[in-house]
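Here's the structure we're looking at; comments come further down.
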Amino acid sequence: LPFLICMKQQNWWEKTLLDKNPSFCSPIQENISCEYLIIGGGVAGLHAALRLIEEGKEVVLLEKTICGGSSSGKSSGFLTPDSELEVYQLIRRYGKKGAEEVWSIPVTGVEIVRSTAEKYKIDCDLEKQDSFFVGMGKKGKEAVEEETEAHHTMNLPCTSYTKESLPKVVGTSFYSAGIRTKDTFAINMMLYCYGLKNILVKKGVRIFEHSEVLSLEGMNASTKKGKVSAKKIIVCIDKMKKSLSTIGRKSYHAQTFLAISKPVSKEQAQSIFPDGKLMVWDSKLIYTYFRLTKDNRLLVGGGSVLTTY
């Protein structure tokens, strides 16, 4: 039967922020000095500012757009230590000891974000959702088996699923195997960054939004309408321009695209995740990932070789 799909192109996370009638910080329009300058108002820059202000430091933060307006606020909201490399790939690359060191860093990061959201009661749709890595075809099944063995090697709790048992947790028989891990969360990172920004302003951090740093000369950061001189500068940005640092010549950013549905019914949510909400991604190099938001919208992400690189 023919059917029609209606799609609207917009930044959904920005819409969730605008629905709250947010207030924003003014751009910098003068020359100032400070002890610490942080460039970038994503989750890294905001947490750097929080750490410093709690230690009694004087902090200024410059953000190109709005806090959370770049990669942090456009992410899928998978708050998990899993990365582009699975655990078995970390072990293969760095050995068991090195993999444990690398793994411990995002584990700490997840806990910092979770505990901060709860401590300050940030309204950011934070909810507990297990992570679920699924295999596609024979190679995917082998990848899940390696991942399960790697979790056992590093004493990381997990539950593995065969093709036959998978439909009990993900409502499809499409995948060949799966591994489920706990202590992970779903979050609206745009709302989280906005809430954290407001906390920092109350604590005394001077934040200037719509204040892109155009050049760095020594300990001076220049914007279109003002300049900040600092004793120490912390740079927390991605997609770094070559004019700011030579690091920009050695890095690139990968990107995927997100789609989000209208809220699904309880029956539809149950059919997608019979055993409760999960954050799922598959074993392809450029993988597809999906989860349910707190208000039961289906979020799906993915890309192609052309769009990702």
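The values are calculated or read from the model by the stated rules, or taken from the named source; none is laboratory data. Keep in mind it's a predicted model, so treat the numbers as computed, not measured. Glycine also receives a Cβ, built like all others from the backbone with ideal geometry; neighbour counts cover every protein chain displayed. Accessible surface is based on the protein model in full, side chains and every heavy atom, while ligands, DNA and RNA are left aside. Shrake-Rupley method; radii C 1.70, N 1.55, O 1.52, S 1.80 Å.
Some notes on this structure:
- Taking the criterion of being of a type outside the set (Gly, Ala, Ser), surrounded by 14 or more Cβ atoms within 10 Å (Cβ to Cβ) and in contact (Cβ under 8 Å) with a residue 40 or more places away in the chain, the residues of the stretch 128-146 that qualify are GLN129, ASP130, PHE132, PHE133, VAL134, MET136, VAL144, GLU146.
- Some residue of the stretch 204-224 being out of contact with any strand residue (DSSP E or B) (no Cβ under 6 Å at 6 or more places or on another chain), surrounded by 13 or more Cβ atoms within 10 Å (Cβ to Cβ), on the phi > 0 side of the Ramachandran plot and of a type outside the set (Phe, Trp, Tyr): yes
- Filtered by the rule that a residue be closer than 14 Å to ILE187 by Cα, assigned to a loop (DSSP other than H, G, I, E, B) and either open to solvent by 30 Å² or more (accessible area, probe 1.4 Å) or of a type in the set (Val, Ile, Thr) (or both), the stretch 72-86 gives SER75, THR80.
- Taking each residue of the stretch 147-172 that is surrounded by 14 or more Cβ atoms within 10 Å (Cβ to Cβ) and looking for partners that are outside any helix (DSSP H, G or I) and polar (S, T, N, Q) with beta-carbon atoms closer than 6 Å, six or more apart or interchain, yields THR148/SER160; CYS158/THR181; LYS163/SER176; PRO167/SER173.
- Matching residues in the stretch 251-304 - criterion: being closer than 21 Å to ASP123 by Cα, part of a strand (DSSP E or B) and open to solvent by 70 Å² or more (accessible area, probe 1.4 Å): LYS262, PRO263
- Among the residues making up the stretch 51-71, those that are within 20 Å of the chain's Cα centre (by Cα) and assigned to a loop (DSSP other than H, G, I, E, B) are GLU63, LYS64, THR65, ILE66, CYS67, GLY68, GLY69, SER70, SER71.
- Considering residues of the stretch 88-116 that are out of contact with any strand residue (DSSP E or B) (no Cβ under 9 Å at 6 or more places or on another chain) and of a type in the set (A, V, I, L, M) only, the residue most open to solvent (accessible area, probe 1.4 Å): ILE105
- Being more than 26 Å from ASP295 (Cα to Cα) and at pLDDT below 95 holds for only one residue in THR148, THR246, THR153, THR223, and it is THR246.
- Any hit, the stretch 260-270, residues being over 18 Å from the mean Cα position of the chain (by Cα), at pLDDT below 80 and hydrophobic (A, V, I, L, M, F, W, C): no
- Answer residue from the stretch 225-250, given it is closer than 20 Å to CYS25 by Cα and in a loop (DSSP other than H, G, I, E, B) and is least open to solvent (accessible area, probe 1.4 Å) among those: GLY226
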